[in-house]
Structure formats: C-alpha cells, structure tokens
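Participant: Below you'll find the structure I mean.
The values are calculated or read from the model by the stated rules, or taken from the named source; none is laboratory data. As the structure is a computational prediction, the values presented were derived from the model and not from experiment. Cβ sites come from the backbone with ideal geometry, for glycine too, and all protein chains shown count toward neighbours. The protein model used for the area step is the full one, side chains on, heavy atoms only, and it has no ligands, DNA or RNA in it. Shrake-Rupley method; radii C 1.70, N 1.55, O 1.52, S 1.80 Å.
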Amino acid sequence: MENLVIIPTYKERENVEAIIKAISSLSVPFDILIIDDNSPDGTAAIVKTLQTVNKNLHLLERPGKMGLGTAYITGFDWALENGYKYVFEMDADFSHDPRDLVRLYQACHDDGSDVAIGSRYISGVNVVNWPLSRVLMSYVASIYVRLITGMKIMDTTAGFICYKKEVLENIKPAHIRAVGYGFQIEMKFTAWKLGYKIVEIPIIFTDRKLGSSKMSGGIFNEALWGVLRMKVRSMFIKYRRN
Ligand SMILES: Nc1nc2c(ncn2[C@@H]2O[C@H](COP(=O)(O)OP(=O)(O)OP(=O)(O)O)[C@@H](O)[C@H]2O)c(=O)[nH]1
Ligand SMILES: [Mg+2]
C-alpha cells in the first residue's frame, strides 16, 4: 500500500466511523492512520472496533490533547517508517470531502506535483456555512502570510494536503515549531523554501455538521506571531534537500 491518510482526532465520536467508511469506499486504495489524543468521548474505542474488520485502519493514541501539529509530526514519522509514498492530511469532520482525496493523489501521482493542497481560495472563496467573520479571518490570514513570506499560495492555512514522501523526509522537525494553524503555514513555507513543486486543487470546504469545534483564539494568535518568527528564523536556515 503506498497511500496513507492521517486524521488527528479529538472528540470526534460523531464523525470517526463515517469518515473511515467513506475513505475505505473510494476507487483509489488508502490506508488510514487515526491519531487520537485520549478523547474523553470514546473516539478511540470506536476505531478499535472498526479495526477488527478493517486491516487498512491504524490507530496511535496519545495521553492527552497536544495539538494538531504535533499529531501530524508523529503521523509523518510513522508513515515514513512504514514506507508510504503518498501521505495525506485530513480533518475528521467532513469539512474535507473524502472524494477529493483522489484528486489530490492524482495531482501528485499522475501530474508530478510534490505537494497538492486542497484549496478553498484558488478559485474564489469556496467555504460553506462558515460565519462571514471566520471566512474573512481565514482569507485575510492567507493574504498576511503571502505578504510576509512571499509565497504565492492562496490557502496557506489549508489542512487537506497530499505530500510525496520525499518532501516529508526533507522537512526537518526543527523547521516546524507551531502546533495549530501555524503548523500548516510552516509546512508549506518549508516545502516552498526547499523548492518543491506545490499545486493548489480547488475544493469546497463545508463547516462541520457534527461534534464541537477545537478552533480557539490562541490558535489564531499563535499563527499571526508565529509567521513573523518563522520568517526571521528562515534567514538563518540553509534549506537544502538530502
Ligand atoms: N489529535 C488531535 N486532534 C486534534 C486536536 N485539535 C483538533 N484536532 C482534530 O483536527 C481536526 C481539525 O480540527 P477542527 O476542530 O475541525 O478545526 P477547524 O476545522 O479549524 O474548526 P471547526 O471544524 O470549525 O471545528 C479534527 O479532526 C479535530 O478532531 C488535538 O489537539 N489533537
Ligand atoms: Mg473542522
């Protein structure tokens, strides 16, 4: 199996079974790695039950809520140790349409991109059911990041992505400091600094219907100041591929 979808979960009991089944029924085969931070709502127990009938389903459990960024770093290490060639980031709450995984895969596997981003802002603003304030905050955040970094990426905080393993092998954990949205920005910035071919695939992002948001003001502020620190730090880093 060459494809692995990594899904961090915190209190996703309403979504986890459905998202696993949706991915498992796609035309392209994907293994799934759930990274659960000891969700108090029994999310991990649901995954363990599903593992008895689904051999492509994997679970890593962490003792407590440690942030989305560190969950992905843990998942990337696991993916590289287990020899996956295409590694995907995806939320558990159906904000990302599982069918778009196939389009991200094709952008890397067939069309030769190193990173394929499921983008809400590459062809207008494609966000459904988010309050206007949240759409503006997210859209303006991307403008701010482009101004500071010079990256030509429209959706810099996107969390629906396909990476070729070479990219993850060359992005050193030292390059990545942030844990929340800042993590998504730093990953793209580092791949860009390393000169990888990055493409944005237009998607429609739909606000979660079930479960509660983990989004907080702290996550947003961390991204704002984090981008400035990242830019300054980048002036002292030699970005070289192995
Ligand atoms: N393991 C782990 N997963 C997390 C953590 N925070 C969020 N997640 C998961 O990361 C994904 C994205 O989080 P969301 O809460 O959907 O964030 P969001 O999309 O910005 O906000 P809403 O969808 O509006 O709630 C979801 O699958 C969450 O369950 C965390 O600290 N640890
Ligand atoms: Mg969400």
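Participant: Would you confirm whether or not region 140-156 contains a residue that is of a type in the set (A, V, I, L, M, F, W, C) and touching a strand residue (DSSP E or B) at 6+ places or on another chain (Cβ under 7 Å)?
Facilitator: The answer is yes, given that some residue of region 140-156 is of a type in the set (A, V, I, L, M, F, W, C) and touching a strand residue (DSSP E or B) at 6+ places or on another chain (Cβ under 7 Å).
Participant: Would you mention how many residues in region 135-156 are open to solvent by less than 60 Å² (accessible area, probe 1.4 Å) and in contact (Cβ under 8 Å) with a residue 60 or more places away in the chain? Talk me through it step by step, then tell me what you get.
Facilitator: Filtering region 135-156 down to residues open to solvent by less than 60 Å² (accessible area, probe 1.4 Å) leaves 135, 138, 141-142, 144-146, 148-151, 153-156.
From what is left, the residues that are in contact (Cβ under 8 Å) with a residue 60 or more places away in the chain are 141, 144-145, 148-149.
Counting residues in region 135-156 that are open to solvent by less than 60 Å² (accessible area, probe 1.4 Å) and in contact (Cβ under 8 Å) with a residue 60 or more places away in the chain gives 5.
Participant: Would a scan of region 54-62 turn up a residue that is over 25 Å from I185 (Cα atoms), in contact with a Lys or Arg (Cβ under 6 Å, 6 or more places away or on another chain) and either in contact (Cβ under 8 Å) with a residue 12 or more places away in the chain or not β-branched (V, I, T) (or both)?
Facilitator: no
Participant: Output yes when any residue across region 49-68 is closer than 23 Å to K193 by Cα and within 16 Å of ligand 2 (Cβ to nearest atom), and no when none is.
Facilitator: Within region 49-68, one or more residues are closer than 23 Å to K193 by Cα and within 16 Å of ligand 2 (Cβ to nearest atom).
Participant: Can you confirm whether T52 is more than 25 Å from K165 (Cα to Cα), buried (at least 21 other Cβ atoms within 10 Å of the Cβ), of a type outside the set (A, V, I, L, M, F, W, C) and at pLDDT 95 or above?
Facilitator: no
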